[in-house]
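The values are calculated or read from the model by the stated rules, or taken from the named source; none is laboratory data. All values derive from a computational prediction rather than experimental measurement. Note: ideal-geometry Cβ built from the backbone for every residue, glycine included; neighbour counts use all protein chains shown. Surface areas here come from the heavy atoms of the whole protein model, side chains and all, with no ligands, DNA or RNA. Shrake-Rupley method; radii C 1.70, N 1.55, O 1.52, S 1.80 Å.
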Amino acid sequence: MKARFLFASFALAWVAQCWALSPTAAIDIQFFMAGATAQKNTFQNLLGGAAPQTVYGFSYPAVPAICAPGTLDFFYDSAKGSNYRAYSCTLVVEGSLPTAMQGKGLGGKNILIHYRLLSGSWIGVGPLSRAQAVTRMAVDGTCSSSATGTAPVPTTFPLANLYNTPSWICTNTTTAVPDVGVSDQEPAIFYAANAPNDGHPTNNTEIAIKSSDLANILSVPLQGVQMNVIATKKLINAMQIAQGKGVTAAKSPVPDADRPNITSPQISALLTNNGGAYNVDWQPLVGTAGTNMPVHVCRRISAVGTQIAANSFWLNYPCAATAILPPTGPVYPSPQANVVTVGNSGANGPGVYNSGTYTITEANLIPDMRTCVAHYNNADQTGLTAADTFAIGLLFTDNDPGTSTDAASVQFAWDFLAIDGIQPNVANGVSGAYRFVTTETWQYRIKTVNAIKPLTDASNASQFNLVTGLFAMLETPAVLAVQPGFLAVPENGYVPGTDGNNIWKGTTAGPNACNPPLLFF
């Protein structure tokens with residue numbers, strides 16, 4: 001890859017701007033990663049290091065910083081970095097790198113990691129395997145220092161928290177072919193309605209994965225990811241009353257003792273437009289308090305691994321020939337009020353889905369999902385009423401109902417549910433009691449495609465060494481322990497109780513995505 005040129009000396013640029021490598025600095029090694037959003041925080045903590053911690057009843061060692069203090073920069077496309085991110089730094093000297101990264105000629109190199117989060121897991125499978133160019137953020141001289149002006153590159157390691165303010169905002173995009181893909185689901189499951197549109201929500205053409213595409217890539221298990229069904233706070237309150245639990249106040253998190261329960265059959269019924277009682281109102285779930293309350297579902301777009309996990313886990317799609325096609329709808333930010341009041345009655349396809357009592361909205365990004373559910377809870381759009389305040393959605397359990405980057409109206413407007421009487425915590429995920437867990441994978445090309453050489457080609461040796469070294473660290477229990485709901489997996493050689501208490505005893509990797517998780521005890 002071409003290096004970016006240094007317009008001013010590193011020392012002068014850092015002193016003048018309080019940043020590290022400028023957006024125009026010379027880079028020794030860079031690569032483009034695309035797909036699932038799961039690594040947006042683990043990457044930052046791996047680069048900057050993490051302190052020793054005791055969590056889940058286990059003492060995890062410190063994660064050594066791989067970036068030299070004073071050199072790490074975060075590039076976002078906006079203040080939240082929801083669509084695109086990038087990270088650059090100077091790696092520490094060879095002997096200070098983690099063992100998994102030593103002996104690869106990486107010490108002291110200037111690196112840049114491009115990361116596309118937009119459109120989810122499919123981008124880390126389809127375009128990667130076909131060597132197709134997709135958009136990514138342009139990290140160049142058009143970037144500007146963070147709008148707050150108060151977010152210099154970290155100089156104290158390890159980093160203090162998961163979420164970090166960007167040091168640069170880069171609003172322009174360019175196109176490039178991904179070098180690496182990450183996915184919440186194993187690549188072979190991206191077919192039929194699981195893989196329309198190559199990640200573009202407005203394009204309804206199905207571009208399913210083919211066996212010839214899969215032959216171009218090597219897919220490797222990375223980690224386990226806990227997922228959940230979320231509900232509006234008002235629906236949670238109604239469920240708490242119906243189940244004899246304490247009612248959680250507005251703007252407060254739901255404690256486990258009062259977390260209401262939903263069963264697997266109820267989830268399947270709510271996510272499927274089968275015309276049954278759960279598609280009419282909420283009475284089957286909460287009793288008379290749900291009478292005449294329309295059923296609203298915020299789902300993810302079909303390219304996103306969270307939705308595909310829900311399709312296979314709750315609807316048996318596309319695993320069974322008799323499975324009902326998951327209903328789709330407009331992509332947020334289409335106003336929720338429009339989804340409720342405008343629609344094609346009985347439609348089950350592109351556009352607004354509204355049967356009159358059952359509506360679907362699709363969320364592209366994780367913040368969109370939280371906001372989608374919050375709009376229903378708050379009935380804060382013209383046309384929404386108190387009758388519209390019950391809704392569910394799909395989300396990773398590492399999300400926080402009080403996420404500070406959300407608008408105040410979104411914070412604590414939703415929360416997680418217990419499933420089949422099991423709380424969605426790490427201990428229950430590890431034991432196998434909590435079942436809605438999936439195996440995230442990472443993949444790279446091993447064949448020349450569209451005249452683009454694979455990552456394994458000798459000409460890409462530096463890239464390959466950086467990528468394999470980083471991902472060897474991203475799968476470790478100590479790194480994953482920093483981020484709740486992310487589990488190490490036995491396929492990577494980790495032993496429960498010996499290497500950590502956040503090691504899942506199951507897998508859905510490879511051909512197992514259409515089966516319940518296989519558990520190893």
- Note on the structure: For the chain, the Cα gyration tensor yields equivalent-ellipsoid semi-axes (√(5λ), largest first, whole Å) of 38, 24, 24
- Query: Can you put 245, 234 in order of accessible area, largest first, using a 1.4 Å probe?
  - Reply: 234, 245
- What order do 457, 213 take when sorted by accessible area (1.4 Å probe), most exposed first? 457, 213
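Would you mind checking 210/505; 109/447; 80/447; 40/245 for any pair whose Cα atoms are more than 32 angstrom apart? Could the numbers behind the result be given before it?
Details: 210/505 30 Å; 109/447 27 Å; 80/447 35 Å; 40/245 36 Å.
Going by Cα-Cα distance, 80/447; 40/245 fall outside the 32 Å limit.
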- Task: Enumerate the whole-percent occupancy of each 10 Å bin, from 0 to the last occupied one, for all C-alpha pair distances of the range 242-347.
- Result: 12, 35, 39, 14, 0
- Item | Residues of the chain: accessible area per residue with a 1.4 Å probe, Å² | 35
- Message: Only four residue types carry charge here, +1 at the Cβ of Lys and Arg and -1 at the Cβ of Asp and Glu. Report the dipole size of the range 231-342 about the Cα centre in Debye, rounded to the nearest 20.
- Response: 220
- Mind grabbing the base-10 log of I(q)/I(0) for the range 342-472 at q = 0.12, 0.13, 0.18 Å⁻¹? Debye formula, identical points on the C-alpha positions, no solvent, two decimal places. -0.76, -0.82, -1.04
- Query: For residue 104, which aspartates and glutamates qualify as cross-link partners when the Cα separation must be under 13 Å and same-chain residues fewer than eight apart are set aside?
  - Reply: 94
- Query: What figure in square angstrom, to the nearest 10, would you give for the accessible area of residue 55 with a 1.4 Å probe?
  - Reply: 40
- Item | Positive dipole terminus of the chain, leading residue within 354, 100, 436 (C-beta point charges) | 100
- Query: Going by accessible area, probe 1.4 Å, with all protein chains left in place, what is the ranking of 340, 139, largest first?
  - Reply: 340, 139
- the chain: angle of helix 233-242 to the longest principal axis, Cα-based, in degrees nearest 10: 50
- Message: Can you give me the solvent accessible area of residue 247 with a 1.4 Å probe, rounded to the nearest 10 Å²?
- Response: 90
- Query: With axes computed from alpha carbons, what is the tilt in degrees of helix 39-48 against the longest principal axis of the chain, rounded to the nearest 10 within 0 to 90?
  - Reply: 30
- Probe 1.4 Å, all chains present, heavy atoms only: residue 355 accessible area in Å², nearest 10, is 40
